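Q: Okay, here's the structure, questions in a sec.
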Amino acid sequence: MAEDDDERYPSENKRRVPLCILFKDARRVFTLDELGIEIARIALPAAMALAADPIASLVDTAFIGQIGPVELAAVGVSIAVFNQVSRIAIFPLVSVTTSFVAEEDAIATVSPAEVQECENMEIGSAVNNENKKLITHTVKSGRGKRHIPSASSALIIGSILGLCQAIFLISGAKPILNFMGVKSDSPMLKPAQQYLTLRSLGAPAVLLSLAMQGVFRGFKDTKTPLYAIVVGDLTNIILDPMFIFYFRLGVSGAAIAHVISQYLISIMLFWRLMQQVDLLPPSIKYLQFGRFVKNGFLLLMRVIAVTFCVTLAASMAAHLGSTSMAAFQVCLQVWLTTSLLADGLAVAGQAILASAFAKKDYDRAAATASRVLQLGLVLGFALALVLGVGLPFGARIFTKDVSVLHLISTGIPFVAATQPINALAFVFDGVNFGASDFAYSAYSMVMVALASIFLLFILSPTHGFIGIWVGLTIYMSLRALAGFWRIGTRTGPWGFLRS
């Protein structure tokens, strides 16, 4: 890879010996050049879409908090379980889909001369023949539907995983909650089990809609998912008070409202995707399931490590009692919601980088990585300021309980101060995924998780609620460091930076 780069960009590479890609051309961080505009066009809708679902969960939390602290804590445990199981099932699929779709879409965008060259190629393997047919058809039928193998594969896998998740959570709700610290004699068990069981009915819609979001991200279209998610979440917000208070369904009403909104989102995205992509594959080989399984397994290792850390922290908070769990739920939801804003930059970086690497445009790859990381750092400091000032006043939106509010106030410094670290960690993930560096992402996260889990077991028993947040802070710091190390040492797909 480095030799190719020397041939294509010899004069540029002689000058490029960066101490750290994070500071390369930092003065241009806000420049609205072609790259800056493309990042903004992808990142802003993606960030709003990513934040929309946690915001809907915050609305659920606010409404349920008016019922009582026990119900708030119960739903907090259930949401933690559902979200973490969903991440295990879908995160590898979405990440792999975005990169694969971006690569296939970039390769398929070729000139008529390249189409003629493709047609004149000697007949090779069945896979090569499929690729030639894909390129030729995509270009010649410019007004027709796209033929993207990864789109069809993602929908099939997402549907299967969604059904499996629903069956797993509904059948195992009680033992899973017991594992999370909600024992049989706990007042949290009944509302937690009700909420988790009902919300699990929406798992197929959640998994399918997220798979389709991965496809649209690969097309660098983040507006379509945003529109669907906004409509779905507004429906959830409208239905919440109706089901919770008017029909007196309590936590069950909140779960039902959320399920309805998820199916609405899934239907809207599927209808739009059918207009753009030919989802009926010509053959099984066309779907390339082996490619998905290989890279998806690596990211599955990674997401299990991430999930275990966050779930362990929630479980430790639940073991401290309903007051600690309620405070932890509020802090965690705010922490993740604001941090996920940076994931919009990660989506933009992943889509642009995947396209650049597919075309072997390494200058654009380096410039994109630098820009999104710098923007992520700026966003992190801005979020830290907003949360540090606003969260002490905003905490009363979620609960009026004095004990819960007191614990929330002890968590606010951690929630605010970690925003720059969190932002870098999320953006580094997108950068590495865009470079298809799935193996390093998986193995490095396993090492980070092992160290973080060890620290949580030490800090939680000795320092309680604060110890949990110290452990989570160290965990996010190690994640950011792992991302920095890969690019900073210029290894793996970043070897071209050594030239």
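Q: In a shell of Cβ-Cβ distance under 14 Å around ASP429, excluding ASP429 itself, what net charge do Lys and Arg (+1) and Asp and Glu (-1) give?
A: On the way: positive: ARG87, ARG217, ARG302, ARG479, ARG486; negative: ASP343, ASP437.
That sum, taken over residues with Cβ under 14 Å, equals +3.
Q: Given the rule -39500 (n - 2.57) for each run of at least 4 DSSP H residues, summed and divided by the residues of the chain, what is its mean residue ellipticity at 222 nm, to the nearest 500 deg cm²/dmol? Don't skip to the end; give the middle numbers.
A: Working: 20 runs with 399 residues, N = 499.
Here the helix-only value at 222 nm equals -27500 deg cm²/dmol.
Q: Given H placed on each backbone N at 1.01 Å, which residues far from ARG146 in sequence or on other chains put an amide H within less than 5 Å of it?
A: Here the answer is VAL277, ASP278, since their amide H atoms fall under 5 Å of that of ARG146.
Q: Please report the equivalent ellipsoid semi-axes of the range 382-462, computed as sqrt(5 x eigenvalue) of the Cα gyration tensor, largest first, in whole Å.
A: Numbers: eigenvalues 196, 73, 17 Å².
Result for the range 382-462: semi-axes of 31, 19, 9 Å.
Q: Whenever you get a sec, line up ILE88, ILE55, ILE238, ILE64 from highest to lowest accessible area (probe 1.4 Å, protein heavy atoms). Before the final figure, lay out each step's value.
A: Values: ILE88 55, ILE55 80, ILE238 110, ILE64 0 Å².
From most accessible down to least: ILE238, ILE55, ILE88, ILE64.
Q: Can I ask one more? Can you work out ³J(HN,Hα) from phi for every residue in the range 400-413, in order, using Karplus 6.51 cos²θ - 1.76 cosθ + 1.60 and θ = phi - 60°, giving whole Hz and x for Gly and Pro?
A: Working through the residues one at a time gives 10, 5, 5, 5, 5, 4, 5, 5, 4, 5, 6, x, 4, x Hz.
Q: So how exposed is GLU38, as accessible area in Å² (1.4 Å probe, rounded to 10)?
A: Looks like 20 Å² after rounding.
Q: Let me see the P(r) profile for the chain: every Cα-Cα distance counted, bins of 10 Å, each bin given as a percent of all pairs.
A: Going from the shortest bin to the longest, the percentages are 4, 19, 30, 26, 14, 6, 2, 0.
Q: Could you pull the Rg and Dmax for the range 146-234, using just the Cα atoms, both in Å?
A: Calculated on Cα positions, Rg and Dmax stand at 16.8, 55 Å.
Q: Sort 345-351, 160-166, 468-474 for me by packing, meaning the mean count of neighbouring Cβ atoms within 10 Å per residue, highest on top.
A: Numbers: 345-351: 30.7, 160-166: 18.6, 468-474: 22.3.
Ranked by mean Cβ neighbours within 10 Å, highest first: 345-351, 468-474, 160-166.
Q: Something else: What is the Cα convex hull volume of the range 300-434 when expressed per residue in Å³?
A: Working: hull volume 12.5 nm³, N = 135.
Dividing the Cα hull volume of the range 300-434 by its residue count gives 93 Å³.
Q: Still on this structure, I have one more. How far is it, in nm, from the label point at LYS174 to the one at VAL29 when both lie 7 Å from their Cα along the line to the Cβ?
A: 5.4 nm
Q: How much area per residue is accessible in the chain when the probe is 1.4 Å and only protein heavy atoms are counted (Å²)? The partial results should precede the final answer.
A: Values: 20730 Å² over 499 residues.
Averaged over the residues of the chain, the accessible area is 42 Å².
Q: Ignoring ligands, DNA and RNA, please state the percent of accessible area on the chain from carbon and sulfur, probe 1.4 Å. Numbers along the way, then the final one.
A: On the way: 14280 of 20730 Å².
Within the chain, the accessible surface is 69 percent carbon and sulfur.
Q: Could you rank the peptides 198-209, 438-449, 423-434, 74-85 by their average count of other C-beta atoms within 10 Å per residue, with the highest value first? Walk me through the numbers before you get to the answer.
A: Details: 198-209: 24.5, 438-449: 19.6, 423-434: 27.9, 74-85: 26.0.
Ranked by mean Cβ neighbours within 10 Å, highest first: 423-434, 74-85, 198-209, 438-449.
Q: Per the Kirkwood treatment, what hydrodynamic radius in Å, one decimal, follows for the range 234-374 from the mean inverse distance over all distinct Cα pairs?
A: On the way: mean 1/r = 0.0504 Å⁻¹.
Evaluated on the range 234-374, it is 19.9 Å.
Q: If you find the alpha carbon centre of the range 287-301 and of the range 388-446, how far apart are they in angstrom?
A: Using only Cα atoms, the two centres lie 28 Å from each other.
The values are calculated or read from the model by the stated rules, or taken from the named source; none is laboratory data. None of the values given here were measured: they were computed from a predicted structure. Glycine also receives a Cβ, built like all others from the backbone with ideal geometry; neighbour counts cover every protein chain displayed. SASA here: full protein model, heavy atoms, side chains in, ligands and nucleic acids out. Shrake-Rupley method; radii C 1.70, N 1.55, O 1.52, S 1.80 Å.
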